[in-house]
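Engineer: Would you mind keeping the following structure in view while I ask a few things?
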Amino acid sequence: MIDIEHVSKHYVVDHNAIPAITDINLRIEKGEIFGIIGASGAGKSTLIRTLNLLERPDSGRILVDGSDITAFSKTELLSYRRKAGMIFQHFNLIGAKTVADNIRFPLKLAGEYSAVEMDARVSELLELVELVEHRDKYPAQLSGGQKQRVGIARALANHPKLLLCDEATSALDPQTTQAILRLLRDINQRFGLTIVLITHEIDVIRAICDRVAVLDKGLMVEHGQVAEILLHPKHAVTRAMVRESSHHEDSATLGASFGLPGPLLRLTFLGAATYQPVLERVATALEVSFNILEGVIGRIKDTPYGQLTVQVIDPKSDLARVEAAFEQQSIHCEVL
């Protein structure tokens, strides 16, 4: 478990102190996949790099399993970093070393393994990331996805408890991104590994994360379960990111653009209700009509979800009855 307590960090640019992150407070549970999202310059990279002290905070504490890593000695910090693997956006492989030697490198640095043990671990990791046939190739001979698989294997070499992903998929095409995300999910489930990743892509958060924190200009503006944050965003920054990723029109203009009377409702379906004819049931029971203006059905990690923006056509309808009918069907109903 990681507790981030009142962590702040600034950089000095042209003799001016520029805040990167300010008073961040966050708990990351053991074994979860935690996402940190925000635009460029939001402070994502600074925050994740404080978790292995590649960036040392100006103030605050970072507790990992109850120990404050900011107070570690040099020896303690080196030991901790071996158990906190990191995956980088641009892979950071050693071009003059083979795939196998790149994976072996952190094992040699640790100085705790025999040659036989290192060879066995390299073979085990090559099988895990499905690169057995590429062990003697060099990074220049690999695709981007293969390079990142090497980076993942290298990060896992010393049996870490924590895996940090610094924009690990942003340099990859969409199909390769999905393959890497599936691999990370498999690693998380197989080994119970805690994964913290940063990204600027909502789709990455939606596909893999259990919880998420949203950063804006160095501040954490909201955090919580992914389904709650993405389906019911409270902060303007989060709402804008969700709207942009889903290509939804602003709800304020939807009704006017269709020119129809009646209020707008946003209906949120989660789990099995996503595939049930709830709209038809409510329309029949209350004898009202709905105009579907826009909608989406998808998955948040393993959970199906749907969101519809609908307009109640009959302006004489009792809106409270309509809301109550949806709530009885376990559908979250929001009047827009």
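Engineer: Any residue in the range 56-68 that is buried (at least 17 other Cβ atoms within 10 Å of the Cβ) and either among the acidic types (Asp, Glu) or under 18 Å from the mean Cα position of the chain (by Cα) (or both)?
Structural biologist: Checked against the condition, which is being buried (at least 17 other Cβ atoms within 10 Å of the Cβ) and either among the acidic types (Asp, Glu) or under 18 Å from the mean Cα position of the chain (by Cα) (or both), the range 56-68 yields no hits at all.
Engineer: May I pose another question? Can you say whether His10 is exposed (fewer than 14 other Cβ atoms within 10 Å of the Cβ) and either under 19 Å from the mean Cα position of the chain (by Cα) or not in a helix (DSSP H, G or I) (or both), as far as the supplied structure shows?
Structural biologist: Against the criterion (exposed (fewer than 14 other Cβ atoms within 10 Å of the Cβ) and either under 19 Å from the mean Cα position of the chain (by Cα) or not in a helix (DSSP H, G or I) (or both)), His10 does not qualify.
Engineer: Condition (residue is crowded, with 18+ Cβ neighbours inside 10 Å and over 29 Å from the mean Cα position of the chain (by Cα)) applied to the range 77-88: is it met by at least one residue?
Structural biologist: no
Engineer: Scan the range 89-107 for residues that are part of a loop (DSSP other than H, G, I, E, B), under 30 Å from the mean Cα position of the chain (by Cα) and of a type in the set (S, T, N, Q) and jot them down.
Structural biologist: Hits for the range 89-107 are Gln89, Asn92.
Engineer: Looking at the range 69-78, is at least one residue among the polar types (S, T, N, Q), touching a strand residue (DSSP E or B) at 6+ places or on another chain (Cβ under 8 Å) and in contact (Cβ under 8 Å) with a residue 24 or more places away in the chain?
Structural biologist: There is no residue in the range 69-78 that is among the polar types (S, T, N, Q), touching a strand residue (DSSP E or B) at 6+ places or on another chain (Cβ under 8 Å) and in contact (Cβ under 8 Å) with a residue 24 or more places away in the chain.
Engineer: Then there is this: Please pick out the residue among Ile24, Ile62 that is assigned to a strand (DSSP E or B), touching a helix residue (DSSP H, G or I) at 6+ places or on another chain (Cβ under 7 Å), of a type in the set (A, V, I, L, M, F, W, C) and closer than 27 Å to Leu107 by Cβ.
Structural biologist: Ile62
Engineer: Separate question: Consider Ala110 carefully, then state whether it is buried (at least 18 other Cβ atoms within 10 Å of the Cβ) and either closer than 26 Å to Thr169 by Cβ or more than 25 Å from the chain's Cα centre (by Cα) (or both).
Structural biologist: For Ala110, the condition - buried (at least 18 other Cβ atoms within 10 Å of the Cβ) and either closer than 26 Å to Thr169 by Cβ or more than 25 Å from the chain's Cα centre (by Cα) (or both) - is not met.
Every read-out reported here was derived from the displayed coordinates using simple, explicitly stated rules and does not represent laboratory data. Keep in mind that what you see is a predicted model, and the values were worked out from it rather than measured. Quick reminder, even Gly has a Cβ in these numbers, built from the backbone with ideal geometry, and neighbours come from all protein chains shown.
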